[in-house]
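Trainee: The structure follows.
Throughout, read-outs are computed from the coordinates displayed, never taken from laboratory work. Bear in mind the structure is a predicted one, so any value in this text is a computation, not a measurement. So basically every Cβ, Gly included, is an ideal-geometry build from the backbone, and we count neighbours across all protein chains shown.
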Amino acid sequence: MKNYIILLSFIMLLSCKNDTQIEAVPIPHGLKIPPRGIDITLVQRHSIDIVGYGSNLHVKIDEITAKQTIITLQDSQIILQQSIHEGDTFAFEFGGVGYIIECKKLINHLLDEDNGIFTITRDSLNKKVAVLSEKEKIEKLLYTIAHSNFIFIRNGDEHKSADAASHLRSKWDYAKNDIHTVNDFIEKIGSKSSSSGKSYQIKLPNGSIVGAEKWMRELVEGMK
């Protein structure tokens, strides 16, 4: 009996010792890319997926014009939607990890589809995107609208994106004293007709229609 108690005590001691040696394995986050980063080539109006831990990063560029395009990064929602030129860099976060995307080159081809070359690297220096003023956010929003190539629906009529941006700018010029933030702009200028009260809508390339206010707010979220 005495030997049995000693053996049992010894087994319990070993069990406790093993428990204390178990260490939690860190769960990886972010993108599955090498430490040096990756180079990607994006064809205009097309997208690619970059594999991540848990979800993928969806990267797309719109039409390339005058060495500029609109780049969109998203998973379940838009992370970044931004006008980008050659040499521009932007910080973004994915899966709790900071990254930098840089536009290396935008190429216009005579015969083939235009494309852009980008790099994505870890944000080892913890770079921050410059904080935009409210006026700069509105200007960036109008620029993005003008170059979106989406169809804007106002009072039942369809308008090209450039015409829609021009109309919104005219409304802004008229009511500038009442517009102090980009949220003011969206709520009072960009969401509905001041004459009829009907909400503005946007027709996407796939034919689906979304509310202009929701679409604009997602763009603004991408600026932060």
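Trainee: For residue 174 and residue 56, FRET efficiency with R0 = 45 Å and r from the beta-carbon atoms, rounded to 0.05?
Mentor: For residue 56 and residue 174, the calculated efficiency is 0.55.
Trainee: Just the number: Rg to Rh for the range 32-116, Cα atoms, Kirkwood Rh, two decimals.
Mentor: That ratio is 0.96, to two decimals.
Trainee: For a 27 Å ceiling on Cα separation, which of these pairs sit above it: 67/188; 176/198; 60/160; 32/104; 140/203; 137/214?
Mentor: Over 27 Å apart, Cα to Cα: 67/188.
Trainee: Relative contact order for the range 70-186: what percent, with Cα pairs under 8 Å and sequence separation of 6 or more?
Mentor: For the range 70-186, the relative contact order is 16 percent.
Trainee: So what is the relative contact order of the range 45-113, in percent, for Cα pairs below 8 Å that sit 6 or more residues apart?
Mentor: Once divided by the residue count of the range 45-113, the mean separation gives 21 percent.
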